[in-house]
Amino acid sequence: MRSLNGDLLLQRLAAQPGNKRYTRLYNAVRLSILDGSLPPRTRLPPSRDLAQELTLSRNTVLKVYEQLLAEGYLEARAGSGTFVTDSVPDLPPVPATPVQRQPEPVSPPALSQRGMALIANASAGPRQWGAFMPGVPDVSAFPHKLFAKYLNRFSRQPAPQHLTYNSHPGGSRELQQALVDYLRVARSVQCLPEQILITEGIHQALDLVTRMLCNPGDSAWVEEPGYWGIRNILRMNDVNLCPVTVDEAGMLPPDDMLTVPPRLIFVTPSHQYPLGSVMSLSRRQQLLAIARRQGSWIVEDDYDSEFRFAGQPIPSLQGLEAGAPVIYIGTFSKTLYPGLRLGYVVFPEPLAAAMMTAHAEFYRAGHLIAQNALAHFITDGHYSAHIRRMRLQYGKRRACLVALIEQHFGDGALHPFSSNAGLHVVLRLPEQVDDVRLAAIANERGVLVRPLSRYYLGSRKETGLLMGFSTLPEEDMRQAFGVLIACLQTHYPALRLTAEEENNVTDSRPS
Ligand SMILES: Cc1ncc(COP(=O)(O)O)c(C=O)c1O
């Protein structure tokens, strides 16, 4: 007799994030019957067991079973359980609530090989807001009303050149100037306005840099573990990814890597992503020397350095030496909000003009009204004030999350490379825990952690969870943390957490 595949159901539940739990389970079971993943005569597990496996309430499972029995997908056999019927209805019944439009799936042959590879390795998930979501700031704290005044000012009577094609190579002149001043003070970046290109975020900047500086077959060093957004960009440009280990002092290039000079070296020196180390001065000097000797460009991804909660800001690598072979990239995604889609690149002077032309060719830049509004928001002091406010807030939230981790998992659970900065921490998990599965189960319960092992390219991986602390006020953190502990205990009952945890955590599993 066949039995039901819990992993398949978990995947199907996770694929419909907006729906209620009942609807998600109903759709998941019904679709599995219709597409044959649950063939006729398959026995469904008792409602109690399925509820436990999927961390849902038993009531939800019972209601779904009842509905599918009523619709003729399932049949109950006295004394032996619930089964998929022999004669499954061909057409799904008309649902009582409107169906959410699903995009038509593109059949694989319609895509290029490149396109298929891209889809297969896609990294951006649909759920980006919720408890412990890493890398997303508290977007609800942004001063929208104030920013709207600036937007209004520039929208009311926009100059024609703000509305046409590409009349400002590199972006708004005013934003370039505002950034020159801000970056000099806040990040020790040395540059002229002509070196700054405004982009739609770091991701676009990485794409531009890779396309313009790499030939097919070139190599690029990436941090191991590192930011996965970069991988697809490199693969799409036929660039070989060379993972380079990271330790507590940042990227550590072994001598044998020097035989194949990299074209690009991608680093996050101020706050290594995702582990959190700060690149030491000697490592910075070593990397600059390697780049100069080999004719490589260092791409400095400075994605969240504004948020350090103790000590002084870490100065950029770009500003360490005059004329350093460094392309410095920053973003407003963490300081303001990711949906704004604004970031910037500071190019070394010899590259700047070509990059502006290429940017206009690839992406047809725009959003000058928003760029001008942002420039004035910065020069009037609101940008720095917002960062100061959020830094205080995030510092408290980080301390609260770290305390919860230490209380429940012990002192060594916070990753040792972690520095008191950024928008997330890394919780290390015992080896026997499958972090990908645990994250999927937790996501299902609304706790949006990310599995650390997915940030590695090679086979030597650490397991753990990236946990963001920026989106959740302290008073809500304990409850969300309890959900995570409950998921862990349900799926790894043999795992011993610290004694305190057993006394303190309220199990918030549905009854
Ligand atoms: C290390 C790192 N670089 C870049 C980005 C993307 O930045 P943007 O939103 O500007 O594309 C992220 C996003 O999480 C990141 O973690």
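Values in this text are rule-based calculations from the coordinates and carry no lab data. If you're wondering where the values come from, they're calculated on a predicted model, not measured in any experiment. Cβ placement follows ideal geometry from the backbone for every residue including glycine, while neighbour counts extend to all protein chains displayed.
Figures for the structure shown
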{"quantity": "Degrees between helix 382-409 axis and first principal axis of the chain (Cα, 0 to 90, nearest 10)", "calculated": "40"}
{"quantity": "Extension gain, S140 back to E462 (0.36 nm per residue minus Cα-Cα distance, nm)", "calculated": "112.6 nm"}
{"quantity": "Charge tally in the Cβ shell below 13 Å around Y363, where Lys, Arg are +1 and Asp, Glu are -1, Y363 excluded", "calculated": "0"}
{"quantity": "Net charge of neighbours whose Cβ lies under 15 Å from the Cβ of M390, counting Lys and Arg as +1 and Asp and Glu as -1", "calculated": "+4"}
{"quantity": "Ranked packing of 65-72, 9-16, most packed first, by mean Cβ within 10 Å", "calculated": "9-16, 65-72"}
{"quantity": "C-alpha long axis of helix 173-187 to longest principal axis of the chain, angle in °", "calculated": "80"}
{"quantity": "Cα-projected label distance for E194 with E349, points at 7 Å along beta-carbon direction, nm", "calculated": "0.8"}
{"quantity": "Added length on full extension, which subtracts the Cα-Cα distance from 0.36 nm per residue, V88 to N215", "calculated": "40.3 nm"}
{"quantity": "Protection-proxy order for peptides 334-345, 237-248, each taking the mean of Cβ atoms within 10 Å per residue, highest first", "calculated": "334-345, 237-248"}
{"quantity": "Nearest 10 degrees, 0 to 90: helix 21-34 Cα axis against the chain principal axis", "calculated": "70"}
{"quantity": "Backbone HN-Hα couplings from phi across segment 354-364 [Karplus 6.51/-1.76/1.60, Hz, Gly and Pro as x]", "calculated": "4, 5, 5, 4, 5, 4, 5, 5, 6, 10, 6"}
{"quantity": "Extension gain from R292 to Q177, taking 0.36 nm per residue of separation minus the Cα-Cα distance", "calculated": "38.5 nm"}
{"quantity": "Spatially proximal lysines relative to K145 (Cα-Cα < 27 Å; intrachain offsets below 8 disregarded)", "calculated": "K334, K396"}
{"quantity": "DSSP beta bridges in the chain [antiparallel fraction, %, rounded to 5]", "calculated": "60"}
{"quantity": "Sorted by Cβ neighbour density within 10 Å, fewest at the top, the residues R450, R398", "calculated": "R398, R450"}
{"quantity": "Helical contribution to [θ] at 222 nm, DSSP H n ≥ 4, -39,500 (n - 2.57), averaged over the chain, rounded to 500", "calculated": "-12500 deg cm²/dmol"}
{"quantity": "Protection proxy ranking of 42-51, 252-261 - average other beta-carbon atoms within 10 Å, highest first", "calculated": "42-51, 252-261"}
{"quantity": "Hits among aspartates and glutamates - C-alpha to C-alpha of K63 under 13 Å, sequence gap 8 or more where chains match", "calculated": "E71"}
{"quantity": "FRET efficiency, S80 to T164 (Cβ-Cβ, R0 56 Å, nearest 0.05)", "calculated": "0.15"}
